[in-house]
Every structure is written in C-alpha cells, then in structure tokens.
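**Student:** Starting off with a structure, shown below.
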Amino acid sequence: MRIINFAASQAISSSAVLIFLTLLLLAASRRMSNCISLFAAQSAVIAAQVFATAYAHKSVAALMVGIMVVLIKVVAIPYALFQLVKRLHTSRDVKASIAPAGSVFITAALIFISYSAVQSYAKDLNVARDPLAAAVAIIMSGCFLMTSRNKALMQILGLLILENGIFMAALTTTFGMPLVIEIGIVFDLVMGVFLMGIFMFRIRETFNDLDVSKLRKLRG
C-alpha cells in the first residue's frame, strides 16, 4: 500500500516534466498530425495525474473525471481532429509565423516565466510548485500557439491546450472542480470543436486553404 501511495505522489510531482516536454515538442513540430498526437499525449499525462489524485484522496468523482478525460481528450477529440485533417485535403504543415527554433526558445522562456510567477503563490497555497508552473506554462503556450500558427486547425488545438492548462491549474490548487462543472466544460469543449470544424470547412470552400491570415481579405 505504501508503495502505491509513493507511486501516486511521484506521478503527480513528475508529470510536470512530461508536460514541459510536450510543450517544447509542440513548439518545434511542423506537422499538424504530430501536434494532434502531442495534444493527446499531454492529455494522457494530465489524466494520469487525475487518477493519481483520485487514489491519493480516495475520490470517486476524480476517478470519473479521469475516465472522462481519457475518453474525450485522449481518444475522441484527437480522432475527430485526425478525421478533419484527412477530409479537408489540405497541406499538413502548421504554417507557423515563427521558425521552429524561435518557437522552442519562446516556449522555454514561457516555462521559465511560469516558474517565476508561481513561486510565492505555491508557498501561500501550500501546493506543489512544479505542477502549478506546468499549468501556467500550458495556458501561456496555448495562447502562443493560437497567435503564432496560421492554420485554423491550430487555433482549435491551441484552445484545447489552453483548456488543459486551466484544468490542470484547478486540479493542482483545489484538487479539481466539481464533477458537474467538469461535465459542462467538456460538453462546451466538444461543441466548440464541432462548430470550429464547420467553420474550417467554410474557410476551405471559400479560400481553398485553411490559412486564417487570408481572412484579412474580408476587411473593407
């Protein structure tokens, strides 16, 4: 029993390293399929953290949230995004406005900033610094991906990554939000992906591409 408790605590504390790795790989990736796979991997790490927290606190609600994260964020949403990429018949490149090396440098700087930002806050809340810093880094990296990538699909992916950060911040500071709220957020997320999928098809039909920078042509 002590070994399992120790493994659960180590899973929670070491998840930040894997999260940082996914963020750096997302920044360096040039293919949308790789970005989708990395989002699924990041969600799987967060799900593992939820399961570890559920075991540590003997929480059935947290266990149900973990199962929901696996089904929706690790399986369903990545599958839907892969199908979108396949059906849109467009370039698989992310079309970043910043070179991969520059994106990795900026992401590393965001990780460093996140550690500096949560230093005193983690002490006041008496929570682990690394997972909280990882949550802040995910949020900032999601915003960075949304602003530095031109493909519409990357806008969706950046939003999903940002939501992962908010979820992880709630998990770290308050051991998760109530189950009803989590279900509502996931439902909104699924509907958002569905609507953005329709939006991408409209962009594809109008501009024969998914580059959102071409929307500037609509300005009068």
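**Student:** Taking region 146-191 as the search range and keeping residues that are modelled with pLDDT of 65 or more and among the small types (Gly, Ala, Ser), which one is nearest to residue 21 (Cα to Cα)?
**Tutor:** 165
**Student:** With respect to residue 127, is the statement that it is in a loop (DSSP other than H, G, I, E, B) and farther than 19 Å from residue 34 by Cβ true?
**Tutor:** When the stated conditions are applied, residue 127 passes them.
**Student:** Go through region 68-114 residue by residue and tally those that are among the basic types (Lys, Arg) and either on the phi > 0 side of the Ramachandran plot or in contact (Cβ under 8 Å) with a residue 60 or more places away in the chain (or both).
**Tutor:** 3
**Student:** Could you run through region 93-111 and say how many residues are part of a helix (DSSP H, G or I) and either under 12 Å from residue 141 (Cβ atoms) or within 18 Å of the chain's Cα centre (by Cα) (or both)?
**Tutor:** 8
**Student:** Which residues, taken from region 32-61, are in contact with a Ser or Thr (Cβ under 9 Å, 6 or more places away or on another chain) and over 30 Å from residue 153 (Cα atoms)?
**Tutor:** Matches in region 32-61: 52, 53, 56, 59.
**Student:** Then there's this: Answer yes if at least one residue in region 52-75 is polar (S, T, N, Q), within 19 Å of residue 145 (Cα to Cα) and in contact with a helix residue (DSSP H, G or I) (Cβ under 6 Å, 6 or more places away or on another chain), and no otherwise.
**Tutor:** No, the conditions are met nowhere in region 52-75.
**Student:** Restrict the check to region 37-58 and report whether at least one residue is surrounded by fewer than 18 Cβ atoms within 10 Å (Cβ to Cβ), over 27 Å from residue 112 (Cα atoms) and modelled with pLDDT of 85 or more.
**Tutor:** No, region 37-58 contains no residue that is surrounded by fewer than 18 Cβ atoms within 10 Å (Cβ to Cβ), over 27 Å from residue 112 (Cα atoms) and modelled with pLDDT of 85 or more.
Residue by residue, here is whether (1) small (Gly, Ala, Ser); (2) within 15 Å of residue 165 (Cα to Cα) holds:
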{"position": "43", "(1), (2)": "yes, yes"}
{"position": "55", "(1), (2)": "no, no"}
{"position": "61", "(1), (2)": "yes, no"}
{"position": "93", "(1), (2)": "no, no"}
{"position": "97", "(1), (2)": "yes, no"}
{"position": "106", "(1), (2)": "no, no"}
{"position": "110", "(1), (2)": "no, yes"}
{"position": "121", "(1), (2)": "no, no"}
{"position": "133", "(1), (2)": "yes, yes"}
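**Student:** State the number of residues belonging to region 59-78 that are among the β-branched types (Val, Ile, Thr) and surrounded by 15 or more Cβ atoms within 10 Å (Cβ to Cβ).
**Tutor:** Result for region 59-78: 6.
**Student:** Next question, about the same structure. Output the residues belonging to region 99-114 that are of a type in the set (Val, Ile, Thr) and under 14 Å from residue 134 (Cβ atoms).
**Tutor:** Hits for region 99-114 are 107, 111, 113.
**Student:** Residue under question is residue 141, and the condition is that it be assigned to a helix (DSSP H, G or I), closer than 15 Å to residue 169 by Cβ and of a type outside the set (A, V, I, L, M); does it hold?
**Tutor:** Taking the combined requirement at face value, the residue satisfies it.
Residues checked against (1) in contact with an Asp or Glu (Cβ under 6 Å, 6 or more places away or on another chain); (2) within 17 Å of residue 111 (Cβ to Cβ); (3) of a type in the set (A, V, I, L, M, F, W, C):
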| residue | (1), (2), (3) |
| --- | --- |
| 18 | no, yes, yes |
| 26 | no, yes, yes |
| 33 | no, no, no |
| 39 | no, no, yes |
| 53 | no, no, no |
| 56 | no, no, yes |
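The values are calculated or read from the model by the stated rules, or taken from the named source; none is laboratory data. Since the model is a prediction, treat every value here as computed from it, not as a measurement. Don't worry about glycine lacking a Cβ; one is built from the backbone with ideal geometry, like all the others, and counts go over all protein chains shown.
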